[in-house]
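K.L.:
Take a look at the following structure, please.
The values are calculated or read from the model by the stated rules, or taken from the named source; none is laboratory data. As the structure is a computational prediction, the values presented were derived from the model and not from experiment. Counting neighbours? That spans all protein chains shown, and the Cβs are built from the backbone with ideal geometry, glycine included. Surface accessibility is based on the protein's heavy atoms, side chains included, excluding ligands, DNA and RNA. Shrake-Rupley method; radii C 1.70, N 1.55, O 1.52, S 1.80 Å.
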Protein chains: 6
Amino acid sequence: MTHIKVINPNTALAMTASIGRCARAVASPSTTVTAVSPAMGPASIESHYDEALAVPGVLTEVAAGEREGVDAYVIACFGDPGLDAARELATGPVLGVAEAAMHAATLVGRGFSVVTTLSRTIGRAWDLAHRYGFAAACRGVHACDIPVLDLEDPSAREAVTALCAEAVERDGSDSIVLGCAGMADFCAGISRVTGVPVIDGVGAATRFAESLVALGLRTSTRGEYAAPPRKQYSGLLRDFTI
Amino acid sequence: MTHIKVINPNTALAMTASIGRCARAVASPSTTVTAVSPAMGPASIESHYDEALAVPGVLTEVAAGEREGVDAYVIACFGDPGLDAARELATGPVLGVAEAAMHAATLVGRGFSVVTTLSRTIGRAWDLAHRYGFAAACRGVHACDIPVLDLEDPSAREAVTALCAEAVERDGSDSIVLGCAGMADFCAGISRVTGVPVIDGVGAATRFAESLVALGLRTSTRGEYAAPPRKQYSGLLRDFTI
Amino acid sequence: MTHIKVINPNTALAMTASIGRCARAVASPSTTVTAVSPAMGPASIESHYDEALAVPGVLTEVAAGEREGVDAYVIACFGDPGLDAARELATGPVLGVAEAAMHAATLVGRGFSVVTTLSRTIGRAWDLAHRYGFAAACRGVHACDIPVLDLEDPSAREAVTALCAEAVERDGSDSIVLGCAGMADFCAGISRVTGVPVIDGVGAATRFAESLVALGLRTSTRGEYAAPPRKQYSGLLRDFTI
Amino acid sequence: MTHIKVINPNTALAMTASIGRCARAVASPSTTVTAVSPAMGPASIESHYDEALAVPGVLTEVAAGEREGVDAYVIACFGDPGLDAARELATGPVLGVAEAAMHAATLVGRGFSVVTTLSRTIGRAWDLAHRYGFAAACRGVHACDIPVLDLEDPSAREAVTALCAEAVERDGSDSIVLGCAGMADFCAGISRVTGVPVIDGVGAATRFAESLVALGLRTSTRGEYAAPPRKQYSGLLRDFTI
Amino acid sequence: MTHIKVINPNTALAMTASIGRCARAVASPSTTVTAVSPAMGPASIESHYDEALAVPGVLTEVAAGEREGVDAYVIACFGDPGLDAARELATGPVLGVAEAAMHAATLVGRGFSVVTTLSRTIGRAWDLAHRYGFAAACRGVHACDIPVLDLEDPSAREAVTALCAEAVERDGSDSIVLGCAGMADFCAGISRVTGVPVIDGVGAATRFAESLVALGLRTSTRGEYAAPPRKQYSGLLRDFTI
Amino acid sequence: MTHIKVINPNTALAMTASIGRCARAVASPSTTVTAVSPAMGPASIESHYDEALAVPGVLTEVAAGEREGVDAYVIACFGDPGLDAARELATGPVLGVAEAAMHAATLVGRGFSVVTTLSRTIGRAWDLAHRYGFAAACRGVHACDIPVLDLEDPSAREAVTALCAEAVERDGSDSIVLGCAGMADFCAGISRVTGVPVIDGVGAATRFAESLVALGLRTSTRGEYAAPPRKQYSGLLRDFTI
């Protein structure tokens, strides 16, 4: 039995539920998926500010997961907030959804387009593509300029689909990476319209996390990702002392 | 039931059997693994010449796999020979073991060392690291200068292990990628000695292939990986006409 | 009168005082420097975990600075924690000390060595060099493996100096960037021993921040660094709602 | 007397003859050019599959060339198929036409556009530009979507010329590389229309190969390009045993 | 008292005067700015040829500056001509205006557009962006195709402003670097129209040079920038013997 | 009859004669080689200062060559001084010896070591490798620290040879590029000792220049390398007015 904890870094519970469904839909029968939202954090993540403030909550959930015997973690926000710090805390693997989606895209094609929510997050998507080694494979990042929490709106699906079709054409790409965990439901529909693989990071991260566990692989503890040195944290963050 | 065909591009049947065992050891219960060696090809792959001549055999096996209803393929030689051509032929995903191992390494650490067989293959390993986007994550490629078919020799395991320990130190890396499908058995032992994750591409490719199938992802058919245009092949290769 | 707020992201007040002295020592007569430490945060920053938890405190100080009419900010920890988020909040420029030091080094030489505290932070230094465009100019990153709060120890200065001399030789570099705001006092001594420019980021960031103000330049508000969208933050972070 | 063997990797004999004429037109009087087509291989090369299957034939011709005392080889297909393996076999230099054309372009200008046949080969052209070091100098790759064997059609010349003119404008390039050995005849005409140097790889490779011979330079036998280790090849490929 | 010598490498004295005004407008009260034009050199710099011939005059001015006790130098032409050689001669820092402007742009935004004079200088701007580490931050280089000495024309300001607005849109950039020292006067106006920071290299270089002096930093004399070996120069250049 | 003018940018006439001999030794029978030294310039080139002051003399020789009907030019100093400006002036191709040597090295191997004179020129060699696209192929740059004009000394040959052997080992390279036009005579001897191709740029540039002429290729006049705009030059440089 593998236990994967999927952490939605924002506090929108409907989105957490939907992310959990997406993860469970692709997980192996022998995998348990727990989808959670931290008790502290922003209602949605649409800026570096939001991302920075989402991280303490994510880390609380990882620390709790360690006590619960979690085998692997997925950070279900396309900016992959807190990934490095979570890797220091967790004994099992930790994957970000942008990371997993970009990995998957390069396994099924030569170049992907990212379709994301707000224009202001385009830079972050490029930063991640660079960090993970996929700057050349990432052919373009496009924003639909629909706020995260409005993605449930029926018109959103249509707008995102149209943008995906346009992105593939303009970028000469052969797959699409959806740049928001809240778009997971759109995959099948967009794939039908565009004729290319459409990748939702939540699913990809869940399966890859499961795979790493099955392969007996954990985050390396040599150097950068060793457990953080114990020390004291002051003020509101006193609870984080380890 | 997912059917994964693992193709050992050389004709060393003992190695094929061992590769099959490694793949099965990590595959999900619901996955069938078939490990094969093409009828034509080199006894082992240790040069660009060998690699070039291994490819037609690999493609024959992919073509056969398509008739057999195979869901995904693994090319089990660290040079990933024929990967692009195989992707054109196959409807399901195709993964190379170097590709999968490097992907796995970047999911569990910041920088990996590759430990391979002959010095003359070092350039190929770097080429693949560049191609897959992992030129920065690849911290060093080291050769033990033991021919592929001598890896079964008991002294080989010791020499490879020592080289891995040295590589991690010298490169400041935090994981090891084993640069030959024939080294798969060494993983656990080397991990114990070095204290870092040791990745065998056969296992990684098998699990990732399975994951892509579960995620409903296939190689994109837009552009480069569309089915090859039909045409005639002359001479010995007449059978390859499609 | 230009007001520069130098934020030491950890809560070690002696270090904050020393950082303030370094900033004041190089600032123009017409500049006021305020050096602060957030009320919440880690005692020192030596991991991604520490860095992640330092950021909310840094942002509180920036938000306060906006109310106080601060003209520019310096984030005085070599990991430049919270730089992007701070830029979204502040109307004036925000500089990180790693950023400023690397910029300065490339203005006075062809290649620099970074000498930092713990080995586990080497990866972060490289990440920043990549992000700022200085991956090629950064010739090496070396750790003395002295914890941040032990840098005050007299033997530390000697050890750091020796490592700097060695780094210049080994890397073929022509300047040194000190990889911790707590090393600012060592500059002159190390420069005397090694014969190359030695750069402390606190001083560099203070002067460059002052320069940007004098040039009438502020962080662009077009796109990524526009003010973050207003929203609610839950739990401990409720105070961050904007 | 220098003997250069130009190998057209496909089996279209009219194209081989035309390639031979182009090579002879630029070769020194003291150079003998032999243009051949392998007995086995695809009728034209328009996919990774075709390329992979063209390679054994190319290698047969190189092996024969070694017995005939050939001084240098040109692989006359824009994908440069089998280049690495051929270098292992040959004692003299081996050049690909994409390689030679890109080298020539960077000697006469700052940035080139590649104009090729089918869209599906665009990725291969970029791969080669990256491999040879010309990713920055390559400003664009454009496909006319005319199959290789239809280039003889009078309308093809016009379409290719128009695309070249458009490419120079769009890419801001200052030279054109023709991305198919079958386009060699078009050079002069396109240069007249566009006003920029137009490079046919067959001619460039022939002259550069000749130059390397005159300079006494051969492929290095240290490491990667040493003669391949002897071994057995099974099945159809038995004849390749060395 | 800090003495900064701003060298306009061309011999257009009106431009030298205007450059001097721009430098003085941003310099600290305690800084003296001398703006000069060499006695030998081109009337304006619009080609590699012009740039090459401007350099001896620039070096004469640096050599004179050393005798005059100059603390730092600014080379006020966007191609940064003679920067490396000047660094060998000068004991204090030397900055180019392209260099300083690009550094400033990356401190206030994520990506800049360069707007320059003639199209033929676009390549040089990209070369400098690569050299300084800002190839990724430089999102586009655009030419207004107005000769340097016609920038004083009232219509020039309008044309340059319109091009800047277009560049920001097309490149998705968040700041503008003006690619000619003769455009310094346009900054404020363009910033008003485009809403993004507009950077004039003369001002930026002056303040950064001042900052380096205040920080006690000089060009490293280890290796490349050590004083040039003494030797004889023949012909017209006899005066340059050192 | 092809006329190639080889310009030694320094004024050491013995070196010019030897460079001329090297060029003639490899040129086609139908090629005339003229080797010249400008009337103005440094006795040898060992700094950016020397290089900057060598350029006007080089340009004088190119301008003279245009009147003499020269078909192509070689700039015979490893820093390739004045290459861009010379390309603007000349109607035929212009090649630098570093450029040509690096091109040749990548045609006969996977990675080269540069062995040069003074350590202070190492940075320049790397800059050129980056510019020409060979940063990855250049595995190391090593200095023997023998001044250019002492290379004639018998002991120099030995020292350079030993350094070459060491460089190949340390860098894992498979060819050597000699980093000074004054080392051309050493090629054969070093190749014998090291067993790898050793490339002298003078020979390579001469043959490649000849090849470009035979191929009907000239420097592109579209954009950057168009003839420089006419203008006046003041002072010592008045003669350069065009």
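K.L.:
Specify which of the listed residues (A:152, A:61, A:99) is farther than 17 Å from residue C:228 by Cα and modelled with pLDDT under 95.
P.N.:
Step by step, each of A:152, A:61, A:99 is checked, and only A:152 is farther than 17 Å from residue C:228 by Cα and modelled with pLDDT under 95.
Here's the yes/no breakdown for (1) assigned by TED's automatic domain parsing to the domain that holds residue C:226; (2) among the polar types (S, T, N, Q); (3) touching a Lys or Arg at 6+ places or on another chain (Cβ under 7 Å):
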residue	(1), (2), (3)
C:10	yes, yes, no
C:18	yes, yes, no
C:30	yes, yes, no
C:33	yes, no, yes
C:37	yes, yes, no
C:45	yes, no, no
C:62	yes, no, no
C:83	yes, no, no
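K.L.:
Conditions: (1) buried (at least 21 other Cβ atoms within 10 Å of the Cβ); (2) in a helix (DSSP H, G or I); (3) free of Cβ contacts under 8 Å to residues at least 40 places away in the same chain. Residue E:120 meets all but one. Number of the miss?
P.N.:
(3)
K.L.:
Can you name every residue in the stretch C:158-179 that is open to solvent by 10 Å² or more (accessible area, probe 1.4 Å) and closer than 22 Å to residue C:46 by Cβ?
P.N.:
C:158, C:159, C:161, C:162, C:163
K.L.:
Further, regarding this structure: Can you say whether residue E:69 is within 14 Å of chain F (Cβ to nearest Cβ) and at positive phi, as far as the supplied structure shows? Steps first, please.
P.N.:
Details: within 14 Å of chain F (Cβ to nearest Cβ): no; at positive phi: yes.
Here the answer is no, as residue E:69 does not meet what is asked.
K.L.:
May I pose another question? Go through the stretch D:72-95 and count every residue that is of a type outside the set (A, V, I, L, M), away from chain B (no Cβ under 13 Å) and in contact with a Pro (Cβ under 8 Å, 6 or more places away or on another chain).
P.N.:
Residues in the stretch D:72-95 being of a type outside the set (A, V, I, L, M), away from chain B (no Cβ under 13 Å) and in contact with a Pro (Cβ under 8 Å, 6 or more places away or on another chain): 2 in total.
K.L.:
A further question follows. In a helix (DSSP H, G or I), at the interface with another protein chain (Cβ under 9 Å from one of its Cβ atoms) and within 21 Å of residue C:150 (Cβ to Cβ): does that describe residue C:106?
P.N.:
In short, no.
K.L.:
For the stretch A:194-214, indicate whether the set of residues that are more than 30 Å from residue B:113 (Cβ to Cβ), free of Cβ contacts under 8 Å to residues at least 60 places away in the same chain, more than 7 Å from every other protein chain (Cβ to nearest Cβ) and assigned to a helix (DSSP H, G or I) is non-empty.
P.N.:
Within the stretch A:194-214, one or more residues are more than 30 Å from residue B:113 (Cβ to Cβ), free of Cβ contacts under 8 Å to residues at least 60 places away in the same chain, more than 7 Å from every other protein chain (Cβ to nearest Cβ) and assigned to a helix (DSSP H, G or I).
K.L.:
When residues of the stretch D:1-52 are filtered for being assigned to a helix (DSSP H, G or I) and within 27 Å of residue B:90 (Cα to Cα), how many remain?
P.N.:
If we filter the stretch D:1-52 for residues that are assigned to a helix (DSSP H, G or I), which is where we start, we get D:13-26, D:48-52.
Then drop every residue that is not within 27 Å of residue B:90 (Cα to Cα), which leaves D:48-52.
Total meeting the criteria: 5.
K.L.:
Another one. Does residue A:137 count as more than 20 Å from residue A:220 (Cα to Cα) and more than 8 Å from chain C (Cβ to nearest Cβ)?
P.N.:
Criteria met by residue A:137.
K.L.:
Here's something else I'd like to know. Out of all the residues in the stretch F:165-174, is one or more part of a loop (DSSP other than H, G, I, E, B), modelled with pLDDT of 95 or more and within 14 Å of chain E (Cβ to nearest Cβ)?
P.N.:
No; the residues of the stretch F:165-174 include none that is part of a loop (DSSP other than H, G, I, E, B), modelled with pLDDT of 95 or more and within 14 Å of chain E (Cβ to nearest Cβ).
A quick yes/no check of all residues on (1) out of contact with any helix residue (DSSP H, G or I) (no Cβ under 7 Å at 6 or more places or on another chain); (2) of a type in the set (A, V, I, L, M, F, W, C):
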site	(1), (2)
F:30	yes, no
F:71	no, no
F:78	no, yes
F:86	no, yes
F:93	no, no
F:97	no, yes
F:104	no, yes
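K.L.:
I'd like the full set of residues that are of a type in the set (A, V, I, L, M) and either open to solvent by less than 40 Å² (accessible area, probe 1.4 Å) or within 29 Å of residue F:12 (Cβ to Cβ) (or both), limited to the stretch E:214-242.
P.N.:
So the first thing to find is which residues in the stretch E:214-242 are of a type in the set (A, V, I, L, M), and the list is E:214-215, E:217, E:226-227, E:236-237, E:242.
Residues satisfying the conditions are E:215, E:217, E:226, E:227, E:236, E:237, E:242.
K.L.:
Quick one: how many residues across the stretch B:215-225 are at the interface with chain D (Cβ under 10 Å from one of its Cβ atoms) and either closer than 21 Å to residue B:4 by Cα or not in a loop (DSSP other than H, G, I, E, B) (or both)?
P.N.:
Of the residues in the stretch B:215-225, 1 are at the interface with chain D (Cβ under 10 Å from one of its Cβ atoms) and either closer than 21 Å to residue B:4 by Cα or not in a loop (DSSP other than H, G, I, E, B) (or both).
K.L.:
Given the criterion farther than 22 Å from residue C:141 by Cα, in a helix (DSSP H, G or I) and within 7 Å of another protein chain (Cβ to nearest Cβ), identify the matching residue among C:55, C:62.
P.N.:
One residue alone meets the criteria, C:55.
K.L.:
A follow-up question, please. Scan the stretch A:144-157 for residues that are surrounded by fewer than 18 Cβ atoms within 10 Å (Cβ to Cβ) and at negative phi and jot them down. Give the steps one after another, and end with the answer.
P.N.:
If we filter the stretch A:144-157 for residues that are surrounded by fewer than 18 Cβ atoms within 10 Å (Cβ to Cβ), which is where we start, we get A:145, A:147, A:149-150, A:152-155, A:157.
Passing the criteria: A:147, A:149, A:150, A:152, A:153, A:154, A:155, A:157.
K.L.:
From the list B:87, B:131, B:139, exactly one residue is in contact (Cβ under 8 Å) with a residue 60 or more places away in the chain and either crowded, with 24+ Cβ neighbours inside 10 Å or not assigned by TED's automatic domain parsing to the domain that holds residue B:221 (or both). Which is it?
P.N.:
B:87
K.L.:
For the stretch B:28-48, enumerate the residues that are facing chain D (nearest Cβ under 7 Å), aliphatic (A, V, I, L, M) and free of Cβ contacts under 8 Å to residues at least 40 places away in the same chain. Outline the logic, then answer.
P.N.:
So the first thing to find is which residues in the stretch B:28-48 are facing chain D (nearest Cβ under 7 Å), and the list is B:39-44, B:46-48.
With aliphatic (A, V, I, L, M) added as a condition, the list becomes B:39-40, B:43.
B:39, B:40, listed by residue number.
K.L.:
Just the residues that are under 20 Å from residue C:98 (Cα atoms) and touching a residue at least 60 places away in the same chain (Cβ under 8 Å), please, taken from the stretch C:49-70.
P.N.:
C:51, C:56, C:59
K.L.:
Listed residues D:54, D:72; which is modelled with pLDDT of 95 or more, touching a Gly at 6+ places or on another chain (Cβ under 6 Å), under 20 Å from residue D:242 (Cα atoms) and buried (at least 24 other Cβ atoms within 10 Å of the Cβ)?
P.N.:
D:54
K.L.:
Scan the stretch E:65-82 residue by residue and report those that are within 22 Å of residue C:107 (Cα to Cα) and outside any loop (DSSP other than H, G, I, E, B).
P.N.:
E:65, E:66, E:72, E:73, E:74, E:75
Here is a yes/no grid of residues against (1) farther than 18 Å from residue C:55 by Cα; (2) crowded, with 22+ Cβ neighbours inside 10 Å:
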position: A:4; (1), (2): yes, yes
position: A:8; (1), (2): yes, yes
position: A:29; (1), (2): yes, no
position: A:35; (1), (2): yes, yes
position: A:38; (1), (2): no, yes
position: A:41; (1), (2): no, yes
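K.L.:
Does residue B:155 meet the test of being at the interface with another protein chain (Cβ under 8 Å from one of its Cβ atoms) and over 26 Å from residue A:219 (Cα atoms)?
P.N.:
Spelling it out, it is not the case that residue B:155 is at the interface with another protein chain (Cβ under 8 Å from one of its Cβ atoms) and over 26 Å from residue A:219 (Cα atoms).
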